[in-house]
(Lines give C-alpha, C1' and ligand atoms only; values in the text may rest on other atoms or scores of the structure.)
Protein backbone atom coordinates (compact mmCIF):
# COMPACT_ATOMS: atom_id res chain seq x y z
CA UNK A 1 0.00 0.00 0.00
CA UNK A 2 1.43 3.34 -1.05
CA UNK A 3 0.44 6.20 1.24
CA UNK A 4 0.94 9.66 -0.23
CA UNK A 5 0.46 12.64 2.08
CA UNK A 6 2.15 15.22 -0.13
CA UNK A 7 0.49 18.60 0.18
CA UNK A 8 -0.87 17.81 3.65
CA UNK A 9 0.17 19.60 6.84
CA UNK A 10 0.21 17.53 10.02
CA UNK A 11 0.51 18.63 13.64
CA UNK A 12 1.69 16.06 16.17
CA UNK A 13 1.54 17.30 19.75
CA UNK A 14 4.20 16.14 22.17
CA UNK A 15 6.38 15.00 19.27
CA UNK A 16 9.90 15.69 20.52
CA UNK A 17 10.39 12.09 21.64
CA UNK A 18 8.86 8.64 21.95
CA UNK A 19 5.65 7.78 20.17
CA UNK A 20 5.12 11.37 19.02
CA UNK A 21 8.51 11.56 17.34
CA UNK A 22 7.91 8.20 15.64
CA UNK A 23 4.56 9.46 14.35
CA UNK A 24 6.15 12.67 13.06
CA UNK A 25 8.79 10.63 11.23
CA UNK A 26 6.21 8.27 9.74
CA UNK A 27 4.03 11.09 8.44
CA UNK A 28 7.06 12.86 6.95
CA UNK A 29 8.18 9.68 5.17
CA UNK A 30 4.78 9.65 3.48
CA UNK A 31 5.29 13.21 2.27
CA UNK A 32 3.46 15.32 4.85
CA UNK A 33 4.78 18.63 6.13
CA UNK A 34 4.98 17.93 9.86
CA UNK A 35 4.77 20.43 12.71
CA UNK A 36 6.87 19.18 15.62
CA UNK A 37 5.57 20.35 18.97
CA UNK A 38 7.04 20.58 22.44
CA UNK A 39 7.11 23.09 25.26
CA UNK A 40 10.51 24.72 24.71
CA UNK A 41 12.16 26.05 21.54
CA UNK A 42 15.43 24.33 22.43
CA UNK A 43 13.86 20.89 22.79
CA UNK A 44 11.78 21.31 19.63
CA UNK A 45 14.78 22.44 17.56
CA UNK A 46 16.80 19.48 18.83
CA UNK A 47 13.99 17.11 17.87
CA UNK A 48 13.66 18.67 14.39
CA UNK A 49 17.38 18.20 13.78
CA UNK A 50 17.12 14.54 14.79
CA UNK A 51 14.03 13.92 12.69
CA UNK A 52 15.59 15.60 9.65
CA UNK A 53 18.58 13.31 10.04
CA UNK A 54 16.35 10.21 10.28
CA UNK A 55 14.06 11.26 7.41
CA UNK A 56 16.22 12.84 4.68
CA UNK A 57 14.12 15.21 2.64
CA UNK A 58 11.39 15.34 5.25
CA UNK A 59 9.80 18.72 5.94
CA UNK A 60 9.56 19.57 9.63
CA UNK A 61 8.27 22.80 11.15
CA UNK A 62 9.19 23.63 14.77
CA UNK A 63 6.22 24.80 16.84
CA UNK A 64 7.17 25.38 20.47
CA UNK A 65 4.13 25.84 22.72
CA UNK A 66 2.59 24.27 25.80
CA UNK A 67 -0.65 23.08 24.24
CA UNK A 68 -2.04 22.08 27.63
CA UNK A 69 -2.81 25.80 28.08
CA UNK A 70 -5.19 28.05 26.16
CA UNK A 71 -2.33 30.42 25.35
CA UNK A 72 -0.20 27.61 23.95
CA UNK A 73 -3.03 26.25 21.82
CA UNK A 74 -3.71 29.72 20.40
CA UNK A 75 0.01 30.14 19.63
CA UNK A 76 -0.04 26.92 17.62
CA UNK A 77 -3.14 28.03 15.73
CA UNK A 78 -1.46 31.30 14.80
CA UNK A 79 1.65 29.47 13.60
CA UNK A 80 -0.38 26.94 11.60
CA UNK A 81 -3.43 28.55 10.00
CA UNK A 82 -4.35 25.27 8.29
CA UNK A 83 -3.82 21.74 9.59
CA UNK A 84 -4.99 18.72 7.61
CA UNK A 85 -3.91 16.00 10.05
CA UNK A 86 -4.13 16.62 13.80
CA UNK A 87 -2.58 13.95 16.00
CA UNK A 88 -3.29 14.60 19.68
CA UNK A 89 -0.43 12.66 21.20
CA UNK A 90 0.55 14.82 24.18
CA UNK A 91 0.14 13.03 27.49
CA UNK A 92 1.50 12.50 30.98
CA UNK A 93 1.51 9.27 32.94
CA UNK A 94 2.88 7.79 36.13
CA UNK A 95 2.16 5.31 38.89
CA UNK A 96 0.64 6.41 42.19
CA UNK A 97 -1.41 4.96 45.01
CA UNK A 98 -5.00 5.79 44.04
CA UNK A 99 -5.81 7.07 47.52
CA UNK A 100 -2.89 9.50 47.38
CA UNK A 101 -3.77 11.23 44.09
CA UNK A 102 -4.61 14.83 44.96
CA UNK A 103 -7.35 16.95 43.39
CA UNK A 104 -4.67 19.02 41.67
CA UNK A 105 -3.15 15.88 40.13
CA UNK A 106 -6.55 14.69 38.89
CA UNK A 107 -7.04 18.10 37.29
CA UNK A 108 -3.56 18.06 35.73
CA UNK A 109 -4.16 14.71 34.03
CA UNK A 110 -7.46 15.93 32.62
CA UNK A 111 -5.98 19.25 31.46
CA UNK A 112 -2.97 17.70 29.72
CA UNK A 113 -4.37 14.43 28.42
CA UNK A 114 -7.91 15.46 27.50
CA UNK A 115 -8.63 19.17 27.43
CA UNK A 116 -5.51 19.99 25.38
CA UNK A 117 -6.79 17.68 22.64
CA UNK A 118 -10.30 19.13 22.85
CA UNK A 119 -8.98 22.69 22.46
CA UNK A 120 -6.95 21.86 19.38
CA UNK A 121 -9.84 19.96 17.84
CA UNK A 122 -12.06 23.01 18.33
CA UNK A 123 -9.43 25.17 16.66
CA UNK A 124 -8.69 23.00 13.62
CA UNK A 125 -11.79 20.91 12.92
CA UNK A 126 -13.83 23.79 11.39
CA UNK A 127 -11.15 24.46 8.77
CA UNK A 128 -11.00 20.77 7.90
CA UNK A 129 -14.75 20.55 7.42
CA UNK A 130 -14.77 23.72 5.29
CA UNK A 131 -12.09 22.21 3.02
CA UNK A 132 -13.89 18.86 2.91
CA UNK A 133 -10.91 16.80 4.07
CA UNK A 134 -9.16 16.21 7.37
CA UNK A 135 -7.95 13.68 9.88
CA UNK A 136 -8.18 14.03 13.67
CA UNK A 137 -6.63 11.37 15.86
CA UNK A 138 -6.28 10.86 19.60
CA UNK A 139 -3.57 8.61 21.00
CA UNK A 140 -5.36 6.66 23.70
CA UNK A 141 -4.14 3.59 25.56
CA UNK A 142 -5.07 0.10 26.62
CA UNK A 143 -5.42 1.76 30.04
CA UNK A 144 -8.60 3.37 28.72
CA UNK A 145 -10.24 -0.04 28.76
CA UNK A 146 -8.18 -2.00 31.29
CA UNK A 147 -7.76 0.58 34.06
CA UNK A 148 -4.49 -0.09 35.92
CA UNK A 149 -4.84 0.00 39.71
CA UNK A 150 -1.56 1.92 39.97
CA UNK A 151 -2.59 4.72 37.56
CA UNK A 152 -6.33 5.24 37.72
CA UNK A 153 -6.01 8.94 36.92
CA UNK A 154 -4.18 8.14 33.69
CA UNK A 155 -6.71 5.47 32.71
CA UNK A 156 -9.56 7.90 33.35
CA UNK A 157 -8.04 10.45 30.99
CA UNK A 158 -7.60 7.90 28.21
CA UNK A 159 -11.16 6.62 28.62
CA UNK A 160 -12.29 10.22 28.21
CA UNK A 161 -10.38 10.45 24.92
CA UNK A 162 -12.40 7.54 23.50
CA UNK A 163 -15.59 9.46 24.26
CA UNK A 164 -14.18 12.71 22.88
CA UNK A 165 -13.11 10.96 19.68
CA UNK A 166 -16.48 9.34 19.09
CA UNK A 167 -18.32 12.58 19.80
CA UNK A 168 -16.24 14.71 17.43
CA UNK A 169 -16.59 12.02 14.75
CA UNK A 170 -20.33 12.58 14.94
CA UNK A 171 -19.81 16.35 14.74
CA UNK A 172 -17.78 15.81 11.53
CA UNK A 173 -20.25 13.35 10.00
CA UNK A 174 -20.58 13.65 6.23
CA UNK A 175 -17.88 16.31 5.85
CA UNK A 176 -14.99 14.25 4.51
CA UNK A 177 -13.21 14.54 7.87
CA UNK A 178 -12.53 11.40 9.89
CA UNK A 179 -11.96 11.28 13.65
CA UNK A 180 -10.49 8.24 15.37
CA UNK A 181 -8.60 7.18 18.45
CA UNK A 182 -5.66 4.78 18.53
CA UNK A 183 -5.44 2.45 21.51
CA UNK A 184 -1.73 1.98 22.07
CA UNK A 185 -0.56 -0.93 24.14
CA UNK A 186 2.50 -1.06 26.43
CA UNK A 187 5.12 0.72 24.32
CA UNK A 188 8.90 0.95 24.57
CA UNK A 189 9.86 4.58 25.13
CA UNK A 190 12.33 6.31 27.40
CA UNK A 191 9.54 7.37 29.72
CA UNK A 192 8.20 3.84 29.88
CA UNK A 193 11.65 2.52 30.76
CA UNK A 194 11.58 4.78 33.81
CA UNK A 195 8.05 3.61 34.61
CA UNK A 196 9.05 -0.06 34.30
CA UNK A 197 11.91 0.45 36.73
CA UNK A 198 9.49 2.00 39.22
CA UNK A 199 7.71 -1.36 39.33
CA UNK A 200 10.53 -3.92 39.02
CA UNK A 201 14.02 -4.42 40.44
CA UNK A 202 16.31 -1.59 39.25
CA UNK A 203 19.29 -3.95 39.31
CA UNK A 204 17.87 -5.95 36.39
CA UNK A 205 19.14 -5.39 32.84
CA UNK A 206 16.64 -3.71 30.51
CA UNK A 207 15.77 -6.98 28.75
CA UNK A 208 15.24 -8.71 32.10
CA UNK A 209 13.25 -5.77 33.45
CA UNK A 210 11.01 -5.68 30.36
CA UNK A 211 10.26 -9.40 30.63
CA UNK A 212 9.57 -9.08 34.35
CA UNK A 213 7.27 -6.11 33.80
CA UNK A 214 5.24 -7.89 31.12
CA UNK A 215 5.06 -11.08 33.17
CA UNK A 216 4.09 -9.42 36.45
CA UNK A 217 2.09 -6.36 35.37
CA UNK A 218 0.87 -6.99 31.79
CA UNK A 219 0.52 -10.81 31.61
CA UNK A 220 -2.46 -10.65 29.22
CA UNK A 221 -0.34 -9.25 26.38
CA UNK A 222 -0.42 -11.65 23.44
CA UNK A 223 2.66 -10.00 21.94
CA UNK A 224 4.57 -10.67 25.18
CA UNK A 225 6.89 -7.74 24.56
CA UNK A 226 6.69 -3.98 24.56
CA UNK A 227 5.50 -2.41 21.31
CA UNK A 228 7.95 -0.23 19.42
CA UNK A 229 6.86 3.39 18.76
CA UNK A 230 7.11 2.86 14.98
CA UNK A 231 4.41 0.21 15.25
CA UNK A 232 2.02 2.77 16.72
CA UNK A 233 3.07 5.26 14.04
CA UNK A 234 2.17 2.81 11.26
CA UNK A 235 -1.48 2.85 12.34
CA UNK A 236 -1.51 6.64 12.67
CA UNK A 237 -0.05 7.11 9.18
CA UNK A 238 -2.64 4.75 7.71
CA UNK A 239 -5.50 6.60 9.43
CA UNK A 240 -4.11 9.88 8.05
CA UNK A 241 -4.29 8.55 4.49
CA UNK A 242 -6.93 8.59 1.77
CA UNK A 243 -7.02 4.80 2.07
CA UNK A 244 -8.65 5.14 5.51
CA UNK A 245 -11.49 7.33 4.22
CA UNK A 246 -14.23 4.98 5.51
CA UNK A 247 -12.76 4.58 9.00
CA UNK A 248 -14.19 7.11 11.44
CA UNK A 249 -15.57 7.14 14.95
CA UNK A 250 -13.39 4.14 15.72
CA UNK A 251 -11.01 3.05 18.44
CA UNK A 252 -8.25 1.23 16.56
CA UNK A 253 -6.09 -1.11 18.62
CA UNK A 254 -2.32 -1.36 18.39
CA UNK A 255 -2.11 -3.07 21.73
CA UNK A 256 -0.35 -6.36 21.04
CA UNK A 257 -3.57 -8.19 21.92
CA UNK A 258 -3.48 -6.76 25.44
CA UNK A 259 -7.17 -5.85 25.71
CA UNK A 260 -9.05 -9.12 26.18
CA UNK A 261 -12.17 -8.31 24.15
CA UNK A 262 -13.35 -8.62 20.58
CA UNK A 263 -14.53 -4.98 20.34
CA UNK A 264 -13.20 -2.38 19.97
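The values are calculated or read from the model by the stated rules, or taken from the named source; none is laboratory data. Everything numeric in this text was worked out from a predicted model, so none of it was measured. Glycine gets a Cβ as well: all are built from the backbone with ideal geometry, and neighbour counts include every protein chain shown.
Brief remarks follow.
- Residue match in region 69-82 (condition: under 21 Å from residue 189 (Cβ atoms), in the same structural domain as residue 143 (by TED's automatic domain parsing) and touching a helix residue (DSSP H, G or I) at 6+ places or on another chain (Cβ under 8 Å)): no
- Looking only at residues of region 149-180 that are free of Cβ contacts under 8 Å to residues at least 40 places away in the same chain and in contact with a helix residue (DSSP H, G or I) (Cβ under 6 Å, 6 or more places away or on another chain), we find that the one that is surrounded by the most Cβ atoms within 10 Å (Cβ to Cβ) is 155.
- Taking residues in region 15-30 that are touching a residue at least 40 places away in the same chain (Cβ under 8 Å) and at positive phi, and partners anywhere that are in a loop (DSSP other than H, G, I, E, B) and surrounded by fewer than 23 Cβ atoms within 10 Å (Cβ to Cβ), the pairs with Cβ atoms closer than 7 Å and at least 6 places apart or on different chains are 18/189.
- Meets criteria (closer than 18 Å to residue 241 by Cβ and buried (at least 16 other Cβ atoms within 10 Å of the Cβ)) for residue 84: yes
- Residue in region 19-28 that is more than 17 Å from residue 139 (Cβ to Cβ), touching a strand residue (DSSP E or B) at 6+ places or on another chain (Cβ under 9 Å) and in a helix (DSSP H, G or I) present: yes
- Taking the listed residues 182, 146, 136, the one that is closer than 19 Å to residue 73 by Cβ and assigned by TED's automatic domain parsing to the domain that holds residue 82 is 136, with no other qualifying.
- Single residue of 32, 10 found to be in contact with a helix residue (DSSP H, G or I) (Cβ under 7 Å, 6 or more places away or on another chain) and modelled with pLDDT of 95 or more: 10
- Among the residues listed as 249, 256, the single one being on the phi > 0 side of the Ramachandran plot, touching a residue at least 60 places away in the same chain (Cβ under 8 Å) and either crowded, with 19+ Cβ neighbours inside 10 Å or not assigned by TED's automatic domain parsing to the domain that holds residue 94 (or both): 256
- Looking across region 31-44, just one residue is surrounded by 15 or more Cβ atoms within 10 Å (Cβ to Cβ) and over 19 Å from the mean Cα position of the chain (by Cα), and that is 31.
- Within region 18-25, the presence of at least one residue that is under 20 Å from residue 144 (Cα atoms), under 15 Å from the mean Cα position of the chain (by Cα), surrounded by fewer than 20 Cβ atoms within 10 Å (Cβ to Cβ) and in the same structural domain as residue 154 (by TED's automatic domain parsing) is confirmed.
- Residue check for residue 223: surrounded by 13 or more Cβ atoms within 10 Å (Cβ to Cβ) and in a loop (DSSP other than H, G, I, E, B): yes
- Qualifying residue in region 58-69 (condition: at pLDDT 95 or above, on the phi < 0 side of the Ramachandran plot and in a helix (DSSP H, G or I)): no
- When region 181-196 is filtered for residues that are over 21 Å from residue 120 (Cβ atoms) and either in contact with a helix residue (DSSP H, G or I) (Cβ under 6 Å, 6 or more places away or on another chain) or touching a residue at least 12 places away in the same chain (Cβ under 8 Å) (or both), the ones remaining, listed by number, are 185, 186, 187, 188, 189, 190, 191, 192, 193, 195, 196.
- Residue within region 93-104 that is farther than 24 Å from residue 162 by Cβ and touching a strand residue (DSSP E or B) at 6+ places or on another chain (Cβ under 7 Å) present: no
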